[in-house]
Amino acid sequence: MVKEHQIIAGNFDLAGRASTDLKRLLKSMATYPRLYVNRVCSASYEAEINIVIHSVGGYMTYEVSETTIELNFYDDGPGISDIELAMKKGYSTASQIAHLNGFGAGMGLNNIKELSDRLTIHSTPRGTHLKMIFTIGERDA
Amino acid sequence: MPKLSILLENTHYTILNPSLEDRVFTGVYATDLLSTAIKHMKPDMALITLISTNSTLNLAMMVDFNIIILTKDAEVTESFIHKATLEDITLVKTDYLTHEVIIDLVKRGLI
């Protein structure tokens, strides 16, 4: 099953729509452990918020299979100039509005890395692609 | 596990969207940085926070908790309460500051 959601830059009212839809789907399937679903959706929400805060907009796709879930987040720039620096806890370029919404503390990418089983990031000034793979493991029991 | 009804016995707490059933929580996590909540909260805990935006409700849905304790100075809108009700999330407003909530819960043996 593959589905796509648009993510609008700067819109905190609509932020979370994609991840909420994913959560509802996974819960309704009643196939996966609760902690696994929470892990996938929490990483999804962080990535979604990152697009809202830092990009000019983008979209996410998810692919759900019996054994793995794959999430892909794409945006149209301006890209991450230094991925290694962006992965460091506490490093942030977020705006005041992000802080007012409880985000922008420089933990997002780090959280995503810890929550996912495999994370790849490709970024250029024309856009960023995050790919996350989740497999059910011991931490989900 | 601590019950919401026991939390509400202290008049410093007011429930903003009462539901018919009582609720329990397995512990509390206090933060105004929602990314730390994503990282550290476990399902069925209660969140203590000042942040009363859609982000807080989305977080509750992702992490699977259904009690949010909003501390002193948190501004709560009708649309926020409405959305919380739709998502079956209980909102509790208090005039305590964050650390005062925690002190109260410890003193009453709720955590």
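Computed from the coordinates by the stated procedures, all read-outs in this text should not be read as laboratory data. Bear in mind that the values here come from a model prediction, so they are computed numbers and not experimental data. Methodologically, a virtual Cβ is constructed for each residue, glycine included, from the backbone with ideal geometry; neighbour enumeration extends over all protein chains shown.
Quick notes on this one:
- Taken residue by residue and averaged, Cβ atoms of other chains lying within 10 Å of the Cβ of A:108-120 number 1.
- Shown here is the pair-distance distribution of chain B: with all Cα-Cα distances grouped in 10 Å bins from zero up to the longest one, the shares run 15, 54, 30, 1 percent.
- The charge dipole of region A:2-140, taken about its Cα centre with unit charges on the Cβ of Lys, Arg, Asp and Glu (plus for the first two, minus for the last two), comes to roughly 240 debye.
- Chain A, helix-only ellipticity at 222 nm - DSSP H runs n ≥ 4, -39,500 (n - 2.57), divided by all residues, nearest 500: -10500 deg cm²/dmol
- Average partner coverage of B:59-70, which counts Cβ from other chains inside 10 Å: 4
- DSSP assigns beta bridges within the protein assembly as shown; of those with both partners inside it, close to 75 percent run antiparallel.
- Under the convention that each Lys and Arg Cβ holds +1 and each Asp and Glu Cβ holds -1, the size of the dipole of the protein assembly as shown around its Cα centre is about 340 debye.
- Rounded to the nearest 10 degrees, the inclination of helix A:17-29 to the longest alpha-carbon principal axis of chain A is 10 degrees.
- Computed from the Cα positions only, the extents of the protein assembly as shown along the three principal axes stand at 54, 40, 30 Å, in decreasing order.
- Relative contact order of chain A, taken over Cα pairs closer than 8 Å and 6 or more residues apart, is 27 percent.
- Among A:ALA105, A:ASN50, A:SER123 - extreme Cα towards positive end, dipole of chain A, charges at beta-carbon: A:ALA105
- Sequence-distant contacts, meaning Cα pairs under 8 Å at least 6 residues apart, place the relative contact order of chain B at 29 percent.
- Rounded Å value of the spacing that divides the Cα centres of region A:102-141 and region B:64-83: 28
- Stretching B:THR85 away from B:ARG108 to a fully extended chain increases their span by 5.5 nm, per 0.36 nm per residue minus the current alpha-carbon distance.
- Selection from B:LEU20, B:THR90, B:LEU50 lying farthest towards where the dipole of region B:4-107 points positive, charges on Cβ: B:LEU50
- Applying a threshold of 27 Å to the alpha-carbon distances of A:LYS27/A:LYS89; B:LYS3/B:LYS42; A:LYS88/B:LYS42; A:LYS131/B:LYS93; A:LYS89/B:LYS42 flags A:LYS27/A:LYS89; A:LYS131/B:LYS93 as lying beyond it.
- Estimated purely from DSSP H runs of n ≥ 4, each contributing -39500 (n - 2.57), the mean residue ellipticity at 222 nm for chain B is -9500 deg cm²/dmol once divided by its residues.
- For the peptides A:47-53, A:58-64, B:6-12, the ranking by packing is A:47-53, A:58-64, B:6-12, with the highest mean count of neighbouring Cβ atoms within 10 Å listed first.
- Largest first, the extents of the alpha carbon coordinates of region A:2-140 on the three principal axes equal 38, 28, 27 Å.
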